[in-house]
Structure formats: structure tokens, C-alpha cells
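No value in this document is a laboratory result; all are computed from the given coordinates. Here the structure is a predicted model, which is why all the values come from computation and not from measurement. Note that we place each Cβ from the backbone using ideal geometry, even for glycine, and neighbour counts take in every protein chain shown.
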Amino acid sequence: MSVTWTMKAVGLSVVTLSLSVELLFWLCRRLRPRRILNEVLFFPSDLACVEHIYNPNTCFCPLPHGVETSFSRLLSHILSASSSLDVCVFAFSNMDLSRAVLALHSKGVIIRVLTDKDYAAITGSQIGVLRKAGICVRCDTGSVYMHHKFAVVDNRFLITGSLNWTLTAVQCNQENIIITEEPHLLQPFIEEFHKLWVKNDPAKYYHSID
Ligand code: ZN
């Protein structure tokens, strides 16, 4: 075999080998199971401005900027919703969380909020603001407190824990939340939300007319 042919054969082998290695890496990447979202956040959150989440480099308030905190993580998870957000919280008065929900609503994300009927009426509650914006809100009318604090994003992941959606809970209290995509944890919460949503359908209210 001539030297030229030998060199061509070697070159071809090198190209084939490198292509095989590339293919192997590509297959490994494709076949590797995606890491499931599981995160724990503790509160009170460090105090920091969250304006950059909406409008980068536009805020000059005295708070730290661009800092990742428990609260900014929570907000980012909520704002990742692309199709639906089901919120089931006893108390909802946090204006930053309200802003996030309103932003999702204006993007066309289907929002459902289930909350306590008494807390919905207190000063500072964001429930009226959400309703005014056209967001569907139902108040629990049961004889015991609907004391849940959870949300389901895109039927894909769950946010649950001790945190009410209030400023005090975020900035002052020791609270925890778990954010998880684990299906066996997510599914019961989807079912619980559905059960309470149907139970508190105002169309089911009956009033006797004297
Ligand atoms: Zn700021």
C-alpha cells in the first residue's frame, strides 16, 4: 500500500473515532435522567430589592440589588409559570407576590386563587386587587380554617410549607417552604386544590328567599 493511501486510511480512522466519541457523549447527555426540582427555602429572607427580576438596572433604591435571597428564589419559581398557577393560601397580603401573580395574569397564565374569606377582607389583603384585575378568586366558606399555604405551578411543581403570602411571613418570621417536582408529592396537592376549588364554587351557594 502506498504511503498516500496509508495516510488517508489513518485520517479516516481518526475522523471516525472522533465522530464516535461525539456520538457517545451526545447519547449519554440524552439518556441521562433530568434532575428533578427539589429545593428548600427558609425565611425570614435577607432584605434585598427584587425590581431587577422585572426591570434590570432600573432601580436606585437603597436596598441591595441583584442579590439572590430566599424570597427572590420563590418569586423566580412563581414567575416561571407558563400555563397555570393555582394558589391556595390562608393569607395573601404580600404586594411583591401580588405583583408576580398579576404579571403572570397579564401574560395569559391561568390563575386560580383560593383563600380564607375573613382574611380576604382585612386591610392590606391583595385579594381585592387580584379580583379587580379579573383573576378568579374563591374564598373558603367551610366551618374550619382553610389554613393551607401551597401553590402548584403549571401542574408541574409544588410550593408548600409554613409561609403565608404576607410581608411579615417573608421578612420577619421563621418559615420554610419546599419546592418540588416529585410526582407523588405534587399529585395529592393538585387533587386537594381541585377538591377545595369545586367545594367553594359560588354557584353552589344557596340562599333561602323568604
Ligand atoms: Zn431597588
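Counted residue by residue at 0.36 nm each, then reduced by the alpha carbon distance between them, the extension gain from C136 to E68 reaches 21.4 nm. Placing unit charges on the Cβ atoms only, positive for Lys and Arg and negative for Asp and Glu, gives the range 67-138 a dipole magnitude near 240 debye about its Cα centre. Fully extending the segment from L27 to L47 would add 2.8 nm, taking 0.36 nm per residue of separation and subtracting the current Cα-Cα distance.
Shape analysis of the range 91-165 places it in the oblate category; the axes a ≥ b ≥ c from the Cα gyration tensor give an a/c of at least 1.5, with a/b not above b/c.
Can you list residues whose amide H is under 5 Å from D116's amide H, if they're 5+ apart or on another chain and H is modeled 1.01 Å from N? So D116 has HN proximity to D140.
Here the Gaussian network model covers the chain, with springs between Cα atoms less than 10 Å apart; of T160, T123, T168, T123 fluctuates the most. Could you work out how far helix 3-31 tilts from the main Cα principal axis of the chain, as a 0 to 90 degree angle to the nearest 10? Relative to the chain, helix 3-31 is tipped by roughly 20 degrees. The V129 and W197 beta-carbon pair, evaluated with R₀ = 25 Å, returns a calculated FRET efficiency of approximately 0.75. Each residue of the range 38-49 was assigned a 3J(HN,Hα) from its phi angle through the Karplus expression (A = 6.51, B = -1.76, C = 1.60, θ = phi - 60°), giving 8, 9, 10, 10, 10, 10, x, 7, 4, 7, 7, 6 Hz with x at Gly and Pro.
3J(HN,Hα) along the range 92-108: 9, 10, 7, 5, 5, 5, 4, 4, 5, 5, 5, 5, 5, 4, 5, 7, x Hz, from the Karplus curve 6.51 cos²θ - 1.76 cosθ + 1.60 with θ = phi - 60°, whole Hz, x for Gly and Pro.
In order along the range 186-195, the Karplus-derived 3J(HN,Hα) couplings, from 6.51 cos²θ - 1.76 cosθ + 1.60 at θ = phi - 60°, round to 5, 4, x, 6, 4, 5, 5, 4, 4, 4 Hz, and Gly and Pro are given as x. By definition, a body whose alpha carbon gyration tensor gives a ≥ b ≥ c is oblate when a/c is 1.5 or more and a/b is not larger than b/c, and the range 138-185 fits this oblate description. Please check: in the Gaussian network model of the chain (C-alpha springs, under 10 Å), which one of P33, P56, P44 has the largest mean-square fluctuation. Fluctuation is largest for P33. If R0 is 30 Å, the Cβ-Cβ spacing of L185 and Y145 corresponds to a FRET efficiency of close to 0.85.
Let me have the 222 nm mean residue ellipticity of the chain computed from DSSP H runs of 4+ only, each contributing -39500 (n - 2.57), with the sum over all residues rounded to the nearest 500. Kindly include the intermediate steps, with their values, before the conclusion.
Working: 7 runs with 83 residues, N = 210.
Rounded to the nearest 500, it is -12000 deg cm²/dmol.
Computed extension length for V40-S162: 42.7 nm, one decimal, from 0.36 nm per residue of separation with the Cα-Cα distance subtracted. According to the square roots a ≥ b ≥ c of the eigenvalues of the Cα gyration tensor, what is the shape class of the range 77-210, taking rounded for a/c under 1.5, prolate for a/b larger than b/c otherwise, and oblate for the remainder? Because its axes are fairly even, with a/c under 1.5, the range 77-210 counts as rounded.
Spin-label model, N176 to S18: label points 7 Å out along the Cα-to-beta-carbon direction sit 5.2 nm apart. How tilted is helix 70-79 with respect to the longest principal axis of the chain? Cα atoms for both, answer in degrees (0 to 90, nearest 10). Compared with the principal axis, the helix lies near 80 degrees.
Cross-link check: pairs K107/K132; K107/K204; K132/K199; K107/K195; K117/K199; K149/K204 evaluated at a Cα-Cα cut-off of 20 Å; pairs beyond the cut-off: K107/K204; K132/K199; K107/K195; K149/K204.
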